[in-house]
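Report on the following structure.
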Amino acid sequence: MPRPILATIHTDSLRHNLDRARRAAVESRVWAVVKANAYGHGIENVFESFRAADGFALLDLDEAQRVRALGWRGPVLLLEGVFEPRDLELCSRLDLWHTVHCDAQIDMLAAHKTQVPHRVFLKLNSGMNRLGFAPERYRAAWTRLNALPQVDEISLVTHFSDADGPRGIESSLAVFERATQDLPGERSLANSAATLRHASQTRADWVRPGILLYGSAPDFPEHDAAHWQLQPGMTLATRIIGTQALKPGDTVGYGSNFTADAPMRIGVAAVGYADGYPRHCDTGTPVLVDGVRTRTVGRVSMDMITVDLTPVPAAGFGSEVTLWGKASNGALLPIDEVAQAAGTVGYELMCAVARRVPVAVD
Ligand SMILES: *Cc1c(COP(=O)(O)O)cnc(C)c1O
């Protein structure tokens, strides 16, 4: 028998979350962001659920090819654009739309031989200071692109640094509006957080939700997935493979960093950091055993964790352990709560599920 760990992808939930994005931005077309192998869910596993999107946005050219290989003929956008000249050949061949965020990419386009001109998304740096043209250089970049025979339509795009937090989007939005004033072309502004939190101000031709599609709240802990009516796209679950009865003073795991202060039972679950469960989830991380909420105790090891069985006295060998997502009895454990216990975000956990974890689609 294989090790009992399993990641299950919930296609109905993914479909529901896409619909949620649509309802938050009814006047916009929706890019389903599927970078990083659909945030760890697997592009092939999410494809049917996201077929109702208007396009797929990602950044790895192999992933773009996989979307085309699945039969998708609609828009595909490369969020970081091309990395080297021959990438443009693939863009021509597969009809990929691509971001242009720097002069080197315009140089490559100018030297590219193509029968069919490309649709490009010209990126403005509105304050994040990662990719994009500075506001004072944006118009010159647009003019240069517009003069190229290799370029068809130019769309205007930016990415907010603070859509999920107290700084908000006001100043970035003002920068975008000033830099793009009077320029023709479709606009795309909003990631998940902006789509949910700033819908009225970021109304645009396209929205680019990623994390919300997978059921994680972009602004946790201010709001949780239930607040935004999102459902978990993935469940990571395993089983109890052993139990121990502790006496007061007994310790658990490497470093003995948990000590029982009363008699208690613990379960050993078949999951560890080699599966992508974060090693930072020390004592107190929430976990479900047979659908009942309890906590981890002691340190996460490579292949095992230990959990407090006090609230589930009937649990034992073979009991279901839900690390995040949905238990068989319907109980939910949001990935965001587990991420918080590990000092990180849901994004990192879902992207980090290890290759050795088998994946099922339901
Ligand atoms: C990843 C990404 C998104 C999606 O962001 P979420 O926070 O996951 O919604 C949108 N736009 C760009 C440019 C991205 O790189």
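All of the numbers you see were taken from the coordinates with simple rules; none came from a lab. As the structure is a prediction and not an experimental result, all values here were calculated from the model. Here the Cβ is made from the backbone with ideal geometry for all residues, glycine too, and neighbour counts use every protein chain on show.
Helix 135-146 and the long axis of the chain differ in direction by around 60°, with both axes built from C-alpha atoms.
Modelled spin-label separation between R3 and E170, with each label point placed 7 Å from Cα along the Cα-to-Cβ direction: 5.0 nm. In the chain, the DSSP-assigned H stretches of four residues or longer account for a calculated mean residue ellipticity at 222 nm of -7500 deg cm²/dmol, using -39500 (n - 2.57) per stretch and the full residue count as denominator. Ranked by how many other Cβ atoms sit within 10 Å of their own Cβ, fewest first, the residues H41, H223 fall in the order H223, H41.
A DSSP coil position with no more than 12 other Cβ atoms inside 10 Å describes the following chymotrypsin sites (Phe, Trp or Tyr not before Pro) in segment 236-335: F317. Under a Cβ-Cβ cut-off of 15 Å, what is the net charge of the residues other than H16 that fall near it, where Lys and Arg count +1 and Asp and Glu count -1? Every neighbour counted, the sum reads +2. The distance linking segment 45-77 with segment 98-119 is 21 Å (Cα centroid to Cα centroid, whole angstrom). Return, ordered by residue number, the residues of segment 326-347 whose backbone nitrogen is under 11 Å from a label point located 7 Å along Cα→Cβ of A360. The answer is 328. Restricting the chymotrypsin sites (Phe, Trp or Tyr not before Pro) of segment 161-221 to loop positions (DSSP other than H, G, I, E, B) with no more than 14 neighbouring Cβ atoms within 10 Å leaves nothing. Between the helical axis of 170-180 and the longest alpha-carbon principal axis of the chain there is an angle of about 30 degrees.
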